[in-house]
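Every number here is computed from the coordinates shown, using simple stated rules; none is lab data. A quick note: this is a predicted structure, and the numbers were derived from the prediction, not measured. A quick note on method: Cβ atoms are made from the backbone with ideal geometry, for glycine too, and the neighbour counts reach across all protein chains shown.
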Amino acid sequence: MNDKFSRILDESIERLIKGETIESCLEEYPNDREQLEPLLNTAQLISSIPKVSVSEKYSRVSKARLIARIRRESVQAREAETRSGIGLFDELGLAWHRMWQSILGAKKVAIPVALALILALVLSVSGLLNHLSTTPALASQCTLTILSGNVDVQMPGSNAEKTGTDGMTLNIGTRVKTAPGSHAVLTFFEGSTVKLEPETEIEIQQIEYDNEQPTAIVLKQWLGRTWSRVVKMADPGSHYQIETPSATAIVRGTLFTTEVEATGTTKVATTEGLVSVVAQGDEVYLPACQQTQVDAGEVPSQPQPVPISRSEIIITFDMPATGSVTDPTGSSTGILPSGFYFNQIPESQSFLTAEDRQQINISEPMTGEYIIALRYLSEGQAHFNILGASDGNVVFNYTGNWGAFQEHGWLIHLGIHAESGRIISGEVTSAEPLGEETPEDIVEAPLAGGKASKIMTQDSDTNSTADVDKGKPEDKGKPEDEDNTGDKGKPEDKGKPEDEDNTENKGKPEDKGKPEDKGKPDKAKDENNTGNKGKPEDKGKPEDEDNTGNKGKPNKPEDEDATGNKSKPENKGKPKDKDKPPYWFS
Amino acid sequence: MDNKRNNIARRKTLTANKPENVRQTDIIILVEKAIEGNVEAFGELYGIFLDRIYRYVFYQVRDRMTAEDITEEVFIKAWNAISSCKGKEKTFSAWLYRIAHNRVIDIFRSREKEQLIEMDPVAEAGSTELEVETEIDHRELLDSIAELPPNQKQVIILKYIEGLDNREIERIMGKKQGAIRILQMRALARLRERLNGGAEEK
């Protein structure tokens, strides 16, 4: 009976699809009318659901990212095979050489011994051939990047510490310790990174990656503060784990901080994703914007919301540009045009908004210079906005609409003065074309023993100790919600950076968006070597560009120039005229 | 709200949300090239199927970022296993949907294992963009669809949202058409019951 009715229902639905009405279908099956009608109505209701689609921009950007990833993984796989093959050949050659030496050096060589040696050689060759044909991609190392200061490393099996070098490869069992005021990053094969804050000590306990087996990264954190960015692991059995004297944090794709005090007390706070914290047989889960504390010998405390951050820098980049931010410690967060994503600044986030605009959020910035890099995926002008807000008030707000300068991107220098987690003032001090040297210090394709595509660095600012906003775990206050577990904590106080494509106006709330401020003639026009006109029409309201509808933007300018900061961007280190960006902005 | 639902239901036709018309022969050619290692050809396939796969995943996970992540993983898996399509280029679409379906199931299973903490109901309802795009009726309906048993949910999404015909659904799900009809009937009945129950509460 069910089967018969299901057939009637299906046929009726097919007729509806062809354009018939419900009534005509019901007339065909009068005996089943009572049962059929509500189901046909439901079917129609479902078909009325608006279809969610990706935008063309997202399609284009994600396609480029996918192809870049496919090519990168392909190269990595080939390099891995080649490397292991060469290694085996070296060993084989050495074995052969030793054997030959022993044969030459021996007064009497028993035939059975010689045969055994030859047999061993044959077996080695067979083993090599097998190895070449089925080489799993094992990457049991990671790459050390020193952002600033000094880092000591203690090799496995050794008690002695030695000075680490930028770019060195670290094996399982290595201990890494950052000196006071020093910052470093470990980059793993699949892109996960762990940023070490000053006076932090960790040990690499396990790194396993194989196409057939789960990925595993296990670190032991003895002291200090780390910021982990874990690439999502596709295999359910894979995991990233940080053990501390009092707890273990386990994740499969997320952003989180781990802080260990000298007493062994551990604090874990999640920015994105989900972290499991285990101690004394008890386990708590931390979705985004949640934190827990584990005292030595105790179970984890119940998850508590992370306090909303007191201040934030929000930077947005429209297509066709992508961007990154480098903080005074040399840590960077952002995206390269290749689609490579990196996140080294604690509690920062970089994501694509609903309008396919890239947004970078920096929580409680520190005093010092931030460098914003603007890179272009294709020709054309790109709108960007740099907003600083503190306690819900806009402190500074810059906007621009720039084209690439002679196919190069731009570096924008932003000076920040912060105290107690609040932004006191911020101003763009200069802008220059992006040259060979880039501000980021990232390893794009870390493989065992490899150090591919390391980006050159500028001198990093090491003078950050005193001002480093250690980001007490309690002030995470997270972001809009770019975490796929449905993160909340939206700083509803964001408001809109209207878009004063102005010029010298800075932190002067009352000046914001004043039409007459548009493109200060002297700046605007042009050093527009790229034909960039910088029109007033570059508004760019990013009202809510976070793909989860984060609309809170700092409360507008209207008023409180929180700091009374009126000085114009002096352009310290002003670029030459011809290198000036097409727009200056406020 | 009930009136709204009735008004929608009284529309005269059932829209067949057919996928974009890309010639099947073109798709087959692209698949053949991708099998030979042509990344650009695979990129073209990505452009053709991105919307469908994304939508298929999105309506199940109800979160935009998760849907984007899963969609990328689906295509990466597809690329890594593209050689298995050799000789079966015509069924590339069904194969891709199966990868997507399996990946979504994996996510749900791993979430169950991780015992996710109960989430904020507002956040759980889906992304804000969904709220912006859909009426209240649709949100309730989507919630109901999300709560269907996996097979029933899959039939509803593939047929009514993706606009696939029974034959294609048969290939994707690996079930006979009779079974698909039964699943469809049960899914619609369950949805009807849920929506009616919601209307009565109001």
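Of the cross-linked pairs B:90/B:153; A:195/A:220; A:220/A:267, those separated by over 21 Å at the C-alpha level are B:90/B:153.
Answer rounded, prolate or oblate for region A:2-47, using the Cα gyration tensor with square roots of eigenvalues a ≥ b ≥ c: rounded when a/c is under 1.5, else prolate when a/b is larger than b/c, else oblate. Since a/c stays below 1.5, the shape of region A:2-47 is classed as rounded. Arranged from fewest to most other beta-carbon atoms within 10 Å of their beta carbon, A:70, B:157 become A:70, B:157.
Rg over Rh for region A:141-305 works out to 0.95, both radii taken from alpha-carbon positions and Rh defined as the Kirkwood radius. Ordered by the number of other Cβ atoms lying within 10 Å of each residue's own Cβ, fewest first, A:285, B:59 fall into the sequence A:285, B:59. Inter-chain Cβ neighbour count for B:152-161, averaged per residue, equals 3 (cutoff 10 Å, partner chain atoms only). Annotation: for a label point projected 7 angstrom from Cα along Cα→Cβ of residue A:51, residues of region B:27-55 with backbone N closer than 17 Å are B:46-55.
The modelled label-to-label distance for the pair residue A:26/residue A:295, using points 7 Å beyond Cα in the direction of Cβ, is 6.9 nm.
Shape of region A:135-200 from the C-alpha gyration tensor: oblate (a/c of 1.5 or more and a/b not above b/c, with a ≥ b ≥ c the square roots of its eigenvalues). For region A:321-387, GluC sites (Glu not before Pro) are listed when DSSP marks them as loop and at most 11 other Cβ atoms sit within 10 Å of their Cβ; the list is A:379.
Mean per-residue shielding of peptide A:7-20 is 5, counting Cβ atoms of other chains within 10 Å of each Cβ. Neighbouring Cβ atoms from other chains, within 10 Å of the Cβ of residues in B:183-191, number 5 on average. Computing FRET efficiency as 1/(1 + (r/R0)^6) for residue A:179 and residue B:83, where r is the C-beta to C-beta distance and R0 is 41 Å, gives about 0.20. Residues whose amide H falls under 5 Å from that of residue A:424, counting only those 5 or more places apart or on a different chain, are A:417, A:418, A:419, with hydrogens built in the peptide plane. In this calculation the C-beta distance from residue B:36 to residue B:177 is compared with R0 = 25 Å, giving a FRET efficiency of 0.15. In terms of surrounding Cβ atoms within a 10 Å radius of their Cβ, B:108, A:317 rank from fewest to most as B:108, A:317.
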